[in-house]
Each structure stands twice: as C-alpha cells, then as structure tokens.
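Each value in this text was obtained by applying a stated rule to the coordinates, not by laboratory testing. It should be emphasised that the depicted structure is a prediction, and the values quoted were computed from it without experimental measurement. Cβ placement follows ideal geometry from the backbone for every residue including glycine, while neighbour counts extend to all protein chains displayed.
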Amino acid sequence: MRSYGLACDNLLAVDLVLADGRVLTANATEHAELFWGLRGGGGNFGIVTSFEYHLHPVGPLLAGLLIYPLGQAREVLQRYRELTSTAPDGGAERRRRPRTGSTAAAMGSAFPP
C-alpha cells in the first residue's frame with residue numbers, strides 16, 4: 001500500500017441494484033452500513049453499476065511488461081517484492097531493461113519515470 005491507500009479507501013459512492021430490484025446509491029451518509037459492507041465488510045449485497053472514487057493527481061507514468069521463463073518465477077517475484085517494498089511513493093529511482101526469453105511467467109508494473 002502506498003501514499004493513497006487501497007482502492008476501497010478512496011471509494012466515495014456506489015450505485016447498485018439490490019436483489020429485490022431496487023436501485024440505490026450508497027455512500028458515507030446514505031445507506032452508510034451498506035456502503036461499509038460494499039467496501040470490504042463481506043457478503044453479497046447486490047450488483048454495483050457504478051463507482052465514484054476520490055482521485056489523486058499523479059505525474060507521468062512509465063508502464064511495461066516484464067516477461068521471464070517460468071523456471072525463474074520464484075526468483076523474479078521475490079526480487080520484484082524487494083524492489084517495490086523499498087521503492088519511494090513517488091516512483092522507482094532506477095529501472096532495468098527486461099531480459100528476453102521464453103514466455104511462461106509474466107508480471108507488469110507502473111512507476112512514474
């Protein structure tokens with residue numbers, strides 16, 4: 001988790017259809033307990049038809065796909081965890097070119113340049 005928290009931490013409101021067919025909006029003031037449940041409290045409450053999120057300004061992003069042989073998956077994922085756990089919230093301080101090879105395990109990430 002980084003500076004802005006999880007996606008559910010930034011959820012402001014949802015529109016949903018309940019099992020009985022009613023359509024309603026849930027947020028911090030309207031149907032607050034249902035809103036809490038929809039943000040991760042558990043259960044199946046209905047079908048959400050729209051989300052409203054609090055947005056945060058961000059700078060330019062660099063995104064890419066890193067592909068490694070399946071036999072290196074454990075090593076690659078461990079290294080990725082090490083790099084991302086120490087990365088500053090503003091993005092990566094350095095980047096490496098991905099190696100090429102047979103495709104079996106893949107992972108992607110986005111960091112500001």
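Note down the net charge around Phe45, summing +1 for each Lys or Arg and -1 for each Asp or Glu among other residues with Cβ under 15 Å from its Cβ. Around Phe45, the surrounding residues sum to -2. Among Leu66, Leu18, Leu38, the order by Cβ neighbours within 10 angstrom, fewest to most, reads Leu18, Leu66, Leu38. Grab the other residues whose beta carbon is less than 13 angstrom from that of Ala28, score K and R as +1, D and E as -1, and report the net. Local charge sum for Ala28: -3.
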